[in-house]
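Student: Starting off with a structure, shown below.
Computed from the coordinates by the stated procedures, all read-outs in this text should not be read as laboratory data. Everything numeric in this text was worked out from a predicted model, so none of it was measured.
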Amino acid sequence: MKITSQVVVFDAADLTVKSTFWAGVLGGTVDAEDDWHMVLV
């Protein structure tokens with residue numbers, strides 16, 4: 001079984017706005033911690 005993972009890192013002044021935007025564009029969800037957000041697609 002092959003598992004592929006890709007990561008892109010952005011720096012943003014407002015993590016909530018940036019991660020919510022990209023989750024909407026990519027059809028994903030946001031996994032938010034205090035100082036780190038992940039968009040899962």
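Student: Starting from the Cα coordinates of the chain, work out the convex hull volume and express it per residue in Å³.
Tutor: 80
Student: Rounded to the nearest 500, what is the chain's calculated 222 nm mean residue ellipticity when only DSSP H runs of at least 4 contribute -39500 (n - 2.57) each, over all residues? Show your work: numbers first, answer last.
Tutor: Values: 1 runs with 12 residues, N = 41.
So the helix-based figure for the chain works out to -9000 deg cm²/dmol.
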